[in-house]
């Protein structure tokens, strides 16, 4: 009943969830913000569109770049005193952490509602939280896998595609999970099925839809969009666990539109913003009490796996090198 009552509140009353009247007034006066993101532009444009339904007075200029390139751009612009971003959004918390001094302290109105497992700094917040799943093409797979361990079965030889380890933080989360949870020999067993390797989730998902591969571990939010569009795809969260990747999003100290930036992040991190990203984009959330779950996600069954952040940073180089050797990958 409480949620129904909240939904019935008039827009002015509900706007209080996103910041004080003074903040909202100042954000509208600024009228714009520059948003740097490593996420897919099409997905982020959906977020911007919904934000603008609530706050049409604020124009968002999005700059999208792949993870490593985005970090390089932020470093280069900051060193030259020309960082124009008001918000920087990145999927790899380990790449963002060394840049912490460039960012201002920030906390959304509902900061206490967020899980500490997703936080690495008072300057970075999990605007998006995404999880790994397994997807398969229903036109090609009649006896589908039901677990991570099933991806090591000889019957799926040369049918599987996956993103290589060096692609970024989200994939590193997956391969870290594989070694720590599924066993030291999991990579070797999986490599024996001769998977096709891809540079990122987008081409992997496209290959799955086209039938070039039949099965793939994929971030749920990436492949969910394909299924929504009618592709012959089924997706499930394996019983051994779903590796979770919280983003790190922050506001630079040099932000020219700091109030608009805070309002945008406040909305994204609010129950309204998180509910939209869960239901429409296939995200999860780092809120302690999720307002919703993506299609096919049963919280009583699915075990979420958050990487230990200290290990996430410390183990990266050596384990990625091991993975490359196991899969015969050379950049």
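We did not get these values from a lab; they are worked out from the coordinates using the rules stated. Given the structure is predicted, the values throughout are model-derived calculations rather than measurements. Cβ sites come from the backbone with ideal geometry, for glycine too, and all protein chains shown count toward neighbours.
Modelled label positions at residue 82 and residue 308, each set 7 Å beyond Cα in the direction of Cβ, lie 4.4 nm from each other.
Which value, in nm² and rounded to one decimal, describes the direction-averaged projected area of the C-alpha convex hull of the stretch 72-155? Walk me through the numbers on the way to the answer.
Values: hull surface 37.8 nm².
Result: 9.5 nm².
Between residue 202 and residue 149, residue separation times 0.36 nm minus the direct Cα-Cα distance comes to 16.7 nm. Once the Cα atoms are used to define both axes, helix 316-327 deviates from the longest principal axis of the chain by about 30 degrees.
Of 125, 148, 319, how do they rank once you tally other Cβ atoms within 10 Å and put the fewest first?
Values: 125 27, 148 23, 319 19.
Result, fewest neighbours first: 319, 148, 125.
Measuring from centroid to centroid over Cα atoms, what is the spacing of the stretch 216-254 and the stretch 148-164 in Å? That distance is 19 Å. Helix 41-54 axis versus longest C-alpha principal axis of the chain: approximately 30°, rounded to the nearest ten. Rounded to the nearest angstrom and listed largest first, the equivalent-ellipsoid semi-axes of the stretch 45-121 from its Cα gyration tensor are 22, 20, 12. With respect to the chain, whose longest principal axis is taken over its alpha-carbon atoms, helix 201-210 is tilted by about 60°. Counting pairs of alpha carbon atoms under 8 Å apart in space and at least six apart in sequence, what relative contact order in percent does the chain give? After rounding, I find 26 percent.
Pulled fully out, how much extra length does the chain show between residue 25 and residue 97, if you take 0.36 nm times their separation in residues and subtract their Cα-Cα distance? Each step should come with its number before you reach the end.
Details: separation 72, 0.36 × 72 = 25.92 nm, distance 3.14 nm.
Result for the pair: 22.8 nm of gain on full extension.
For 160, 130, what ranking results if the residue with the fewest other Cβ atoms within 10 Å of its Cβ goes first? Before the final figure, lay out each step's value.
Values: 160 23, 130 27.
Least crowded to most crowded, the residues run 160, 130.
Size of the stretch 170-265: Rg and Dmax of its alpha carbons, in Å, are 17.6, 53. Over the stretch 193-331, Cα pairs under 8 Å with separation of 6+ residues give a relative contact order of 23 percent. From the list (1) 1.04; (2) 1.14; (3) 0.98, can you say which value of Rg/Rh (Cα atoms, Kirkwood Rh) was derived from the structure given? The listed entry that was calculated here is (3).
For the chain, the 222 nm mean residue ellipticity estimated from helices alone, with every DSSP H stretch of n ≥ 4 adding -39500 (n - 2.57) and the total spread over all residues, rounds to -11000 deg cm²/dmol. For the stretch 246-308, the share of alpha carbon pairs falling in successive 10 Å distance bins from zero is 19, 43, 27, 10, 1 percent.
Calculated from the alpha-carbon coordinates, the stretch 204-331 shows an Rg and a Dmax of 17.9, 49 Å respectively. The residue 111 and residue 240 beta-carbon pair, evaluated with R₀ = 35 Å, returns a calculated FRET efficiency of approximately 0.65. If you run the Gaussian network model on the chain, springs between alpha carbon atoms under 10 Å, then out of 307, 258, 232 the most flexible one is 232. For the chain, give the share of DSSP beta bridges that are antiparallel, in percent and rounded to the nearest 5; count only bridges with both residues there. Rounded to the nearest five, the antiparallel share is 55 percent. When each of the peptides 194-200, 220-226, 117-123 is scored by the mean number of other C-beta atoms lying within 10 Å of its residues, the order from highest to lowest reads 220-226, 117-123, 194-200.
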